[in-house]
Structures are given as C-alpha cells and as structure tokens.
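Only the coordinates and a few stated rules stand behind these numbers; no lab work does. Everything quoted here is computed from the prediction, not taken from an experiment. Please note: Cβ atoms are built from the backbone with ideal geometry, for glycine as well, and neighbour counts cover all protein chains shown.
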Amino acid sequence: LFVLAAVSGYIHHKDINTMHKVPELSYLSEYPVVDPEVKIVAAYQKARYSNIAIEIAELQAEILVRAARKYNIPVPLVVGVADQESMFDARNTSSAGAAGLLQILSLEGIVIDQKRKYDLEYNVDTGCRGLLIKYKKAGGNWSKALAFYSGFAKDYDKNVYERMGRYTMFKEGYQTRL
C-alpha cells in the first residue's frame, strides 16, 4: 500500500485562535505506509520546524513511535517531550549536559552510556524508559512524572501538554484532510 497524499493549506482549531500551517505532503506517496502514526509525527515535525529534512523527521518519528509503544507511553506525550526538550534536534545539548532528542542526562535507575547518548535509538529508548520509571514513581501521574523527568523545571508539564495539544490538533486536521 502507498499513501497518495497531497495536503497543503491551514488547519484552524475552534478552541485556539491560531492557524497551523500544514506542509506540502505529496512526498509521502513515494514511501510505503508502514504506520500512519509515524507519517503524522514526521509531518508534524516538518510543520513545526521546516529546517528538519524529511528523511530525518521520518527516522525520528519511527523511533519515537516505536519506543512510546514499547513502554506503553502515549505517543503524543513522547512527541511533546521531544518537542519541549530539543525542538526535534537530535544534536541538541543543554547547558547542563543533557543530550539528544529527549535530552537524557542522568535518570534514576538507568546508567547513561555517555558514548551513546547522541545515538538516536539509544537516546529515545533511554528517555522513554526513564519516563516510565518516573511515571511508576509518581504513582501513575504523568504530571508528576514529567516533573521528576525535568528535575522539577518550572511549568515543564504545562509546556509538554501544550505541545501534546498542538500535535493532537495537527493529527486531527491531517487525518481529516486525507
């Protein structure tokens, strides 16, 4: 099966007075559909940050979705964390030394392999494992888990939830237009 999509234009969400630009997605027709969620996450990255190459966006999307499912974490939450932490730039390094797409630094119960922290699959898998550990420590509360994950950064959970909302609105508009 192949996706035959040519989507462009704007999405307007009734609850938010902003317009969300949907990038031209005709390139998707060249790729076999393996997982629609992966294509949506890739398209979302391109919509948010046009400087990301589509090949990179698709690779990152595939790894994010796979790790979210592996650890039973909502895909929008993992997308929100990646957007908040690194703006989908896998080469990003914080002033504290946190690295990669999910900005792994030190996570309780996980020894970080410093030589692999920029390896995309390792970074996302480790970050998702850390999120799950924090979720369990927080008694099944994602807001508390995000606070633990961020080292109690001010408004971190609010910022992640805002990005989750953006992704969810994009996904709804994307599916409507196909």
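Taking amide H as placed 1.01 Å from N in the peptide plane, the amide H of Ile104 sits under 5 Å from that of Ala99, each at least 5 places away or on another chain. Taken about its Cα centre, the stretch 77-158 carries a charge dipole of roughly 260 debye when the Cβ of each Lys and Arg holds +1 and the Cβ of each Asp and Glu holds -1. Cross-linked pairs Lys39/Lys137; Lys46/Lys171; Lys134/Lys171; Lys46/Lys134: Cα-Cα separations exceed 22 Å for Lys39/Lys137; Lys134/Lys171; Lys46/Lys134. Please report how far the C-alpha centroid of the stretch 127-170 lies from that of the stretch 89-120, rounded to the nearest whole angstrom. Here the answer is 17 Å between Cα centres.
The stretch between Asp89 and Lys115, if pulled fully straight at 0.36 nm per residue, gains 7.6 nm over its current Cα-Cα span.
Spacing of the modelled spin labels on Ser106 and Phe152, each 7 Å from Cα toward Cβ, amounts to 1.6 nm. Think of the stretch 39-105 as having a plus end and a minus end, set by charges on the Cβ of Lys, Arg, Asp and Glu; of Ser86, Ile73, Ala61, Ile73 sits farthest toward the positive end of this dipole. Here's the list of lysines a cross-link from Lys136 could span, going by alpha-carbon distance under 25 Å and ignoring same-chain residues fewer than 8 apart: Lys70, Lys117, Lys144, Lys154, Lys158. On full extension, the segment bounded by Lys144 and Glu55 gains 28.6 nm, given 0.36 nm per residue less the C-alpha separation.
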